[in-house]
Amino acid sequence: MRVTKVWTAVCALIGALALTAGCANSGSAPTGGSGGSGGASSSSSGPVKVGVIVPLSGPAGPNGQDVLDAIQVQADLVNAQGGVLGRQLQIVAKDDQSNPANGVSAATQLASEGVSVVMGGWNSPVTLAIQPVLVRAGILNITTIPQNATILGNADPDAVRLNAGNAVGAYVAGQYLTKNLGAKSVGYLLENDAYGKDLGALLSAQLQPAGVAVASEQTFDYSATDFRVPLSNIQGAAPQAVFSANAAESSGMPALAQQYARSGIGAPHVAALGTVSPKVIDLAGGAAVDGLYSADIYFPDVAPFNGYPQNQKFADAFRQKTGNAPDKYAALGAESVEVWAAAVAKAGSLDRQPVADAIHGQTFTDTVMGDVSFTDKGQMQTKVYAFTVEGGKVKVLDEVPVPAEVWNS
Amino acid sequence: MTADLATRETTGAPAARRVPTPLRALLWVVLVALAYLLPTLLGGSDRIYTTVVLVAIFAIMSYGVDVVLSYLGEVSLGHTLFWAAGAYTTAILAVRSGWSPIPALLASVVVTVVLALLLGLATLRTREFVFSLVTYAAAIIGLTVVQNTTALGGSDGVVGVPLLELPAFGGTYVARTNAELWPIALVCLVLVVLLVSRFRRSRLGTTALMAQMNGELSTAMGVDVRRTRVLVFVLSAPITALAGWLYAYQRSYVSPDLLSPTFLLFMLTAVILPGRRLLLGPLVGAALLTSQQQLASLGGDADKIVLGGVLAVVLLASPTGLVGIWHALVRRVRGSRR
């Protein structure tokens, strides 16, 4: 049993190593904290590096590329105007593969490359994973697309979120169903996952106090394209209006809109905020889905957006680069660069805290999405417009005002 | 293939014993000291420290699978369950109940041992393909349960795991950065290597190997094969859970992606690529894979193709992994000299 003695000796040595390494270090000042001393901190000359973390491979790869293109286009526009603090912007993009572990690697790499800010994101779990890394590295994070409620006010006290969350979607739908359509009973067509269930629960919480009954609740899978069974169940329940939450932009939602229009259900169909893009209308057969209601925060070619000079510039440059009209996600990408650049100019600094303070609770005028303001928690508030489909085209109806507390959740 | 491995094992053992024991111990100590200084020698940047910490964590994770794969001869596709159980138990106890790291680690070990015992008993009569399938089914069930259970954070996961803080002389040692986490990760790794090394020589380890080589013979010799299988399986789980514990603090966020095939493929490849039944095999495998992904990444899709391609080529060329290719080369060189 001499072997055991050797092990004891080795164990003792490791113990000693553990103890030398394990001397208390809690008294010293935190490294990489607010001072931004962690890692290779950004240099004070040369271009300003702007980190972007989006999925560039896998199923969400094309979406991430779109957001990245928009960020690049807007950075070029900012550079043409002289950059920020007299320095040019340089975009450094990393692929998160829609995977939190890779997102963390990407954030660590960007921190070591000395970026001044990290923007982007497509999947909420990736954003939640990179928040602590960037907080420790002293780098500001601007969340462009993910809309999870826990992004604000948790791991990152200075979080900035641009997209509207589910609470806004449910609020707008609730307002439209009760105020504009005056419905007394509503049928639900919900995606059978966190997104659909969440929207349904939030909407019910609004409809119940208003005395509106939920006549029928039908669910379907994200990948579903045949809705005849849920639609005939809805028809049987005869509600005065129908609310749908289907985020499958390229298959499920166009099919649902088309099959609803053909089903002979007389009640108006109100689709959740952001689920009816021009692409959905085209795929559903254009004028075939006339009368469909929905809401969104950006339309490139429709009033009032086509009247904003910043939007015209961005949309033209984006078309030139990609050959396509920018959608809402591209606009949010551009908006993140625009807001950050304006905040840096206002703060006169690239550091995390001053720039965050120049965004939280502040208003930015004349941006790609018009005039926008931020809540104290860091959520961007934009104008939300209800719209309908008329002759196969989007026709913007009215703005639906949304209170700040709804935006924050 | 197994016969080939067995001869290598038996011929390798006396050769190793030729080195006097105190010298071997000294060699190990030097190796550990070198490992400790490695990130400093490589420049000591944040990126290097992140890479070495991840290598240590992923190596520990892979050692759990290694114990089952190399010594029991079964491919467990359910070890992501223990990896996630370690990380989730830690994250939930630390975030919601304010537990400190050591009690959270103990709780993680208890949870994974219970899980492993259940899964081990459930797979008692299964072998090979069926064993793999049942363990995989367990991992899929785990993923679905975690994604749909609000108490476990659902698809959002658990946010805001605090910093790893351990009691030390004169107060506490706080791992704020990967550089400060490195000593802790290294100690965990060395302890796991010691444990696996001890296991290889133990009665349980040799019995497991014997049961793998010839189950009927070992039964005839009075070995309780089923008991051995369950014990080895239960031993492997807390090793992987220890990695999950570290990972929860390192990433400060746990989500259902821990149960994704990414980590499953990683741990299997880390064991199989260098060659099974090598004490430092999983460490070498984890180091190769992590360094490629962290320091020489070719992009998401290309990385996956490289990983799958390398694994396929190595296994086609030599079923015993890189070490088998090395042995073949050595034999050829020696042969040509004669």
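In chain B, which whole DSSP H runs stretch at least 18 Å along their own axis (Cα) and average 1.6 or higher on the Kyte-Doolittle scale?
Details: long enough: B:2-17 (23 Å, -0.50); B:21-41 (30 Å, 1.77); B:46-66 (29 Å, 1.22); B:79-96 (25 Å, 0.87); B:101-122 (31 Å, 2.46); B:128-148 (30 Å, 1.43); B:178-201 (34 Å, 1.39); B:225-251 (39 Å, 0.64); B:281-295 (20 Å, 0.57); B:300-317 (26 Å, 1.66); B:322-337 (23 Å, 0.18).
Helices passing the filter in chain B: B:21-41, B:101-122, B:300-317.
What is the average number of partner chain Cβ atoms found within 10 Å of a Cβ in B:45-57?
So the per-residue partner count for this stretch is 3.
Putting +1 on Lys and Arg Cβ atoms and -1 on Asp and Glu Cβ atoms, find which of A:Pro157, B:Leu121, A:Leu190 reaches farthest to the positive end of the dipole of the protein assembly as shown.
Of the options given, the answer is B:Leu121.
Helix check for chain A. Which DSSP H runs span at least 27 Å along their own axis by Cα, with a mean Kyte-Doolittle hydropathy no less than 1.0?
Membrane-span-like by this criterion, though nothing is claimed about a membrane: A:2-21.
Put a dot 7 Å past each Cα toward the Cβ at A:Ala201 and B:Leu38; how far apart are the dots in nm?
My value for the distance between the label points is 4.5 nm.
Need one word for the range B:128-190: rounded, prolate or oblate. Basis is the Cα gyration tensor (sqrt eigenvalues a ≥ b ≥ c); a/c below 1.5 gives rounded, then a/b vs b/c decides. Before the final figure, lay out the partial values.
Working: a/c = 3.97, a/b = 1.77, b/c = 2.25.
Oblate is the answer for the range B:128-190, as a/c is 1.5 or above yet b/c matches or exceeds a/b.
List the residues, sorted by chain then number, that are 5 or more residues from A:Asp371 or on another chain and whose placed amide H is less than 5 Å from its amide H.
Under 5 Å from the amide H of A:Asp371: A:Asp366.
Mind checking the dipole of chain A: about its Cα centre, +1 per Lys or Arg Cβ, -1 per Asp or Glu Cβ, Debye to the nearest 20?
Around 760 debye, computed over chain A.
So how do B:Thr51, A:Thr127 line up by other beta-carbon neighbours within 10 Å, fewest first?
Listing B:Thr51, A:Thr127 from fewest to most nearby Cβ atoms yields B:Thr51, A:Thr127.
Kindly flag which residue pairs out of A:Lys179/A:Lys393; A:Lys313/A:Lys383; A:Lys346/A:Lys377; A:Lys49/A:Lys377 have an alpha-carbon separation exceeding 22 Å in this structure.
Table pairs above 22 Å Cα-Cα are A:Lys179/A:Lys393; A:Lys49/A:Lys377.
Across peptide B:168-178, how many C-beta atoms of other chains are within 10 Å of each residue C-beta, on average?
Details: counts 9, 5, 5, 5, 5, 8, 6, 1, 9, 7, 3.
Taking the mean over all residues of the peptide, I get 6.
Just the projected area, averaged over all directions, of the convex hull on the alpha carbon atoms of the protein assembly as shown: how many nm²?
Taking the Cα atoms of the protein assembly as shown, their convex hull projects to 36.8 nm² on average.
Hey, got the dipole for chain B? About the Cα centre, +1 on K and R Cβ, -1 on D and E Cβ, debye to the nearest 20?
The calculation lands at about 1380 debye.
Could you please rank A:Leu181, B:Leu329, placing first whichever residue has the fewest other Cβ atoms within 10 Å of its Cβ?
Final ranking by Cβ density, sparse to dense: B:Leu329, A:Leu181.
Sort the range B:57-261 into rounded, prolate or oblate with this rule: let a ≥ b ≥ c be the square roots of the eigenvalues of the Cα gyration tensor; rounded if a/c is under 1.5, and if a/c is not under 1.5, prolate when a/b is larger than b/c, oblate otherwise.
Here the range B:57-261 falls in the oblate category.
Which order do B:Met210, A:Met380, B:Met61 fall in if you start with the one that has the fewest other Cβ atoms within 10 Å? Before the final figure, lay out the partial values.
Numbers: B:Met210 16, A:Met380 25, B:Met61 30.
The fewest-first ordering by Cβ neighbours comes to B:Met210, A:Met380, B:Met61.
What shape does the range A:142-233 take by its C-alpha gyration tensor, where a ≥ b ≥ c are the square roots of the eigenvalues and a/c under 1.5 counts as rounded, a/b above b/c as prolate, and the rest as oblate? Walk me through the intermediate numbers first.
Values: a/c = 2.76, a/b = 1.52, b/c = 1.82.
It comes out oblate by the Cα gyration axes.
Give, rounded to the nearest 20 debye, the magnitude of the charge dipole that the protein assembly as shown has about its Cα centre when Lys and Arg contribute +1 at Cβ and Asp and Glu contribute -1 at Cβ.
For the protein assembly as shown, the charge dipole is close to 3780 debye.
Every read-out reported here was derived from the displayed coordinates using simple, explicitly stated rules and does not represent laboratory data. Remember, it's a predicted structure, so these values are computed and weren't measured experimentally. Note that we place each Cβ from the backbone using ideal geometry, even for glycine, and neighbour counts take in every protein chain shown.
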